[in-house]
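Reviewing the structure listed below.
None of the figures in this text is laboratory data; all of them are computed from the coordinates on show. Fair warning: this is a prediction, and the values are worked out from it, not measured in the lab. Note that we place each Cβ from the backbone using ideal geometry, even for glycine, and neighbour counts take in every protein chain shown.
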Amino acid sequence: MLNSGLTEGVSLSVDDRGVAYITFAHPRSNSLPGAVLAELASTIKTLGERSDVKVVVLGSAGDRAFCAGASFDELVAIADEEAGLAFFMGFAHVINALRSIPQLVIGRVQGKAVGGGVGLASATDYCLATQHAAVKLSELAVGIGPFVVGPAVERKLGVSAMSQLSIDAASWRSAEWACSRGLYAEVLEDAAALDAAVDALAGRLAASNPQAMSALKRVFWSGTEHWDTLLADRAAISGRLVLSDFTRAAIAQFKAG
């Protein structure tokens, strides 16, 4: 799906309450090429070093999709394992940045989330969505697998729900399904209601004790300290699989469709 009104990249604004709004965008349903992933990870890490930022909101531009996952154009261009590892490490860096910064991160999911988009939503600390925010882990359908985002999805939804998404890779699950499994804290009617809920929560958190929130976040993410290594290992698996004849043919067919 194209949305020619979107400009590729990441934008950042911080309001006078200390709420930072990160918004990523791409004309192809907010898919994530390597450059956008790198900018997103860098922006998140920088905010983690700012004492004036009390809470972070992560969202995407437009109203058609939250995130379509990996850029297929870049996937088909990967020529060797080194390039494959580098590309999938882009998702690893973003997830590790989200879990590592001291601020709580609110996810704003206004539309469908696919693959890496489900991973981003899972890596936020509290995620709100609209009724249009269906989810799908489509990686197996194109010959790969949700290896890099898997730990974040499993942590948030549990092994059973993550397995259902991973195995039935061609099917969408509704926003209500995702909410009942813990990915979303609440499902709102539309983007206006979503923004009102996000703003209200962000305001309450910005007025809370930063030290208490940081300590809570460390508790929430306890046991993930090894993810720097784990996600790198998972990225290497995806980097190898994307070079297979099966995967190249599957991606080409998916793009053609």
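The distance between label points at Val76 and Trp221 comes to 3.6 nm (points 7 Å beyond Cα on the Cα→Cβ vector). Binning the C-alpha pair distances of the stretch 107-172 at 5 Å intervals from 0 yields a P(r) profile of 4, 20, 31, 28, 14, 3, 0 %, listed from the shortest bin outward. Here the stretch 127-157 is scanned for amide nitrogen atoms under 17 Å from the site 7 Å beyond the Cα of Asp233 along Cα-to-Cβ, giving 146-155. Calculated from DSSP H runs of 4 or more alone, at -39500 (n - 2.57) each and per residue, what is the 222 nm mean residue ellipticity of the chain, nearest 500? Result for the chain, helices only: -15000 deg cm²/dmol. A simple charge model with +1 on the Cβ of Lys and Arg, -1 on the Cβ of Asp and Glu and nothing else charged puts the dipole of the chain at about 380 debye relative to its Cα centre. Considering only Cys67, Gly182, Leu32, and ranking their Cα positions along the charge dipole of the stretch 9-191 that arises from unit charges at the beta-carbon of Lys, Arg, Asp and Glu, the one farthest toward the positive end is Gly182. Non-local amide H neighbours of Ser208 (under 5 Å, H modeled in plane, Pro and chain starts lacking H): which ones? Under 5 Å from the amide H of Ser208 lies no amide H from a residue far enough along the sequence or on another chain. Panel note: the C-alpha atoms of the stretch 9-191, placed on their principal axes, show extents of 46, 38, 29 Å (largest first). Between helix 34-48 and the chain there is an angle of about 20 degrees, using the helix long axis and the longest principal axis of the Cα atoms. Other residues lying with their Cβ under 11 Å from the Cβ of Ser166 contribute a combined charge of -2, Lys and Arg counting +1, Asp and Glu -1.
Compared with the dominant Cα axis of the chain, that is its longest principal axis, helix 245-256 is turned about 70°.
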